[in-house]
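One structure is given here, and the rest of the page talks about it.
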Amino acid sequence: MKISFFAFAFLCYVQQVLAQASADTSLRWQSGYMDIHHINTGRGNSTFFIFPDGTTMLLDAGDLNATAFLRKNAPLKVAPARPNDSKTAGKWIAEYIRQAMPGGRSPELDYLVISHFHADHYGDLTERSKPAAGQPFQRTGITEVGDLVPIKTIIDRGYPAYNFPVDLRKYYTEDGSTFLNYVAFVEAKVRQGAKAEMMLAGSNSQLVLRQRPADFPTFRVQNVKANGTIWAGADTKTFIHFTADSVVNKQGKFNENPLCLAFKISYGPFDYFTGADNTGLRGYGLPLWFDTETPMARVVGPVDAMTLNHHGNRDASNETFLQSLNPAIVIQQSWCSDQPGQEVMHRLGSPALGRKREAFALHLLPESQNYLGFWLKATYRSTEGHVLIRVLPGGTQFWVGVLDDMNPTLTVKQWRGPFSATK
C-alpha cells in the first residue's frame, strides 16, 4: 500500500515523539541511565556524573577570579556568572547537584575528582573566600562544594606526597595559597572519614560502581592518564610519556595542563572521554612531550562523546586526536573569548577527520561567535547552557540536552537525539 509524502512525514514525526517519550527526557534520573551533566557557572569546569546504579561523581569545581584574570589578560573577556552572581560558583554547583540527585536522595558524592590545580578547575582563594565553619580551610570551588556536600572519596594527581614534578607544598610558598588551602581541605576530610587517593593511570578498578555493580557488568571507567604516565591500552599496563625533570624549566617553573588526569567511561557500546586541559600542540619549538593527546589517542580509540581538551584552546584537540577518537558529540566547557581557537573549530568540522559531529558549548561570548562566523553554525548546535548527556539503559542510545543556565531551577531548553552508540 502506498502512502503520501505527508502521511510518511507525519509517521516519522510520531515515531520521533514516541522515541523521545520512551527515553523519559525529563530531568529525572532512572536506574540504568548514565547522566553526565556539564555545568556552566561561567567560572570554569565542573561535571557531575550519575552512573547507571546511582553512584555519583563530581569532576572539578572551578571558581576563577574573573576580576584578577581580566586585569592580567585584557582584552580577553570572561563569560558572565551563571545563573547569576548572587552566589559563588561552588554554591551553584552544590545546588545543581541537589536538584540532579537521584530521587529522594540527599546530595552526596561517592567520588570527587580534581583533574589538576588550576583555578578554573578547583577554585581560586581570594579576599572574598569565606572560612569553612570549624574547619582549617576556606571555601572556594572544590573546597566549597566539599563543605556543602558529603564526600566519600577524593582523587587527584598527587595525594599524599604532592611531589610531581616538584614538591608542591614548597612550590606554592605564598601564605594562604589556593593549593595549600586545598591540601588543608583534603586532610580535614580524611580526618573526618573520607578516603583520598592519587589517580592510578591504567587502573579500571579505582572508579567503580558503589551501589549495584553486578547489575551493570558492561560499565567501566578506564583511567587513561595521570601526570606523565599513560595507559598502554591493555590490562593495567602503562608507559612514561614524560618525567618530572623534563617538564620543569630552568627557572624551576612548570605548566599544570600537560599533567592533567584523563579517563574513559564505557557503558555497553557507549564510550565517553574527558581529559581536562591536556595539551596536543606540536611543533613551534615545543618539546615532544607537550603533545599528550597523540599517545592517548592510540589507546583510547573511538568514542561517542568527548569534552574538548583545554576548553577548545588552540594548543589542544589536534588532528590525530580528533580523527582517532572520532566523536559524534563534542562538549566545549568554555568561559573565555579565545575559546575555541579557530583552527580547532575548523578541525571539528573537517570531513577529513571523521564523521560529521555536533558540538555544544557551555558559553561562547559574542566576540568568539563573531570571528568564527558561518563556520560556527556548521558544527555547533548550542552556544549557551548546561549540557547533559543521557545514556539510556544498556548504553545503545543516548540523548543530548541543553539546560537553561540562567534559571536556578534546572529546566531543559532542547533535546537532541536519540543518537546510536557505535562500538
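The values are calculated or read from the model by the stated rules, or taken from the named source; none is laboratory data. Everything quoted here is computed from the prediction, not taken from an experiment. Cβ sites come from the backbone with ideal geometry, for glycine too, and all protein chains shown count toward neighbours. Keep in mind that these areas ignore ligands, DNA and RNA; they rest on the heavy atoms of the full protein, side chains included. Shrake-Rupley method; radii C 1.70, N 1.55, O 1.52, S 1.80 Å.
Tally up the residues in the stretch 215-252 that are in a strand (DSSP E or B) and open to solvent by 50 Å² or more (accessible area, probe 1.4 Å), please. Going through the stretch 215-252 one residue at a time, the tally reaches 4. Within the stretch 321-354, being open to solvent by 10 Å² or more (accessible area, probe 1.4 Å), more than 23 Å from Leu70 (Cα to Cα) and in contact (Cβ under 8 Å) with a residue 40 or more places away in the chain holds for one residue alone: Ala328. Checked against (1) touching a residue at least 40 places away in the same chain (Cβ under 8 Å); (2) open to solvent by 10 Å² or more (accessible area, probe 1.4 Å), Val387 passes all but condition (2).
I'm trying to understand the selection: among the residues of the stretch 22-66, which are open to solvent by 40 Å² or more (accessible area, probe 1.4 Å) and at pLDDT below 95? Within the stretch 22-66, Ser22, Ser26, Leu27, Arg28 meet the criteria.
Does Arg381 meet the test of being farther than 14 Å from Arg82 by Cα, modelled with pLDDT of 95 or more, of a type in the set (Lys, Arg) and open to solvent by less than 20 Å² (accessible area, probe 1.4 Å)? No: the conditions fail for Arg381.
For the stretch 123-197, the helices (runs of 4 or more DSSP H) that sit wholly inside it and include 2 or more residues that are hydrophobic (A, V, I, L, M, F, W, C) are 142-148, 178-191. Does Thr229 satisfy the condition of being under 13 Å from Thr292 (Cα atoms) and at pLDDT 95 or above? Yes: the conditions hold for Thr229. One residue stands out among those in the stretch 405-417 that are open to solvent by 40 Å² or more (accessible area, probe 1.4 Å) and not basic (Lys, Arg): the one that is nearest to Met306 (Cα to Cα), which is Trp415.
Selection of first residues in the stretch 412-423 that are over 16 Å from Asp271 (Cβ atoms) and of second residues that are part of a strand (DSSP E or B) and open to solvent by 40 Å² or more (accessible area, probe 1.4 Å), restricted to Cβ pairs under 9 Å at least 6 apart or on distinct chains, gives the following pairs, ordered by first then second residue: Gln414/Arg381; Arg416/Arg381; Gly417/Gln397; Pro418/Gln397. Under the condition of being crowded, with 24+ Cβ neighbours inside 10 Å, outside any strand (DSSP E or B) and in contact with a Pro (Cβ under 7 Å, 6 or more places away or on another chain), the residues counted in the stretch 253-280 number 2.
Within the stretch 283-307, being surrounded by 16 or more Cβ atoms within 10 Å (Cβ to Cβ), out of contact with any Pro (no Cβ under 7 Å at 6 or more places or on another chain), more than 9 Å from Leu325 (Cα to Cα) and free of Cβ contacts under 8 Å to residues at least 60 places away in the same chain holds for Asp291, Glu293, Thr294. The number of residues in the stretch 102-113 being within 18 Å of Ala188 (Cα to Cα) and open to solvent by 10 Å² or more (accessible area, probe 1.4 Å) comes to 1.
Screening Trp375 with (1) assigned to a strand (DSSP E or B); (2) open to solvent by 20 Å² or more (accessible area, probe 1.4 Å) gives one miss only, at (1). Of all the residues in the stretch 313-355, those that are within 17 Å of the chain's Cα centre (by Cα), more than 22 Å from Pro269 (Cα to Cα) and assigned to a helix (DSSP H, G or I) number 0. Inside the stretch 197-242, residues that are charged (D, E, K, R) and within 25 Å of Val183 (Cβ to Cβ) make up a count of 2.
Could you tell me whether any residue of the stretch 145-154 is in contact with a Lys or Arg (Cβ under 9 Å, 6 or more places away or on another chain), surrounded by fewer than 24 Cβ atoms within 10 Å (Cβ to Cβ), among the hydroxyl-bearing types (Ser, Thr, Tyr) and touching a residue at least 40 places away in the same chain (Cβ under 8 Å)? Taking every residue of the stretch 145-154 in turn, at least one turns out to be in contact with a Lys or Arg (Cβ under 9 Å, 6 or more places away or on another chain), surrounded by fewer than 24 Cβ atoms within 10 Å (Cβ to Cβ), among the hydroxyl-bearing types (Ser, Thr, Tyr) and touching a residue at least 40 places away in the same chain (Cβ under 8 Å). Annotation note: Cβ proximity below 7 Å between a residue of the stretch 114-141 that is closer than 16 Å to Glu187 by Cα and without any contact (Cβ under 8 Å) to a residue 12 or more places away in the chain and a residue that is open to solvent by 40 Å² or more (accessible area, probe 1.4 Å) and not basic (Lys, Arg) (sequence gap 6+ or interchain) occurs for Pro131/Gln138.
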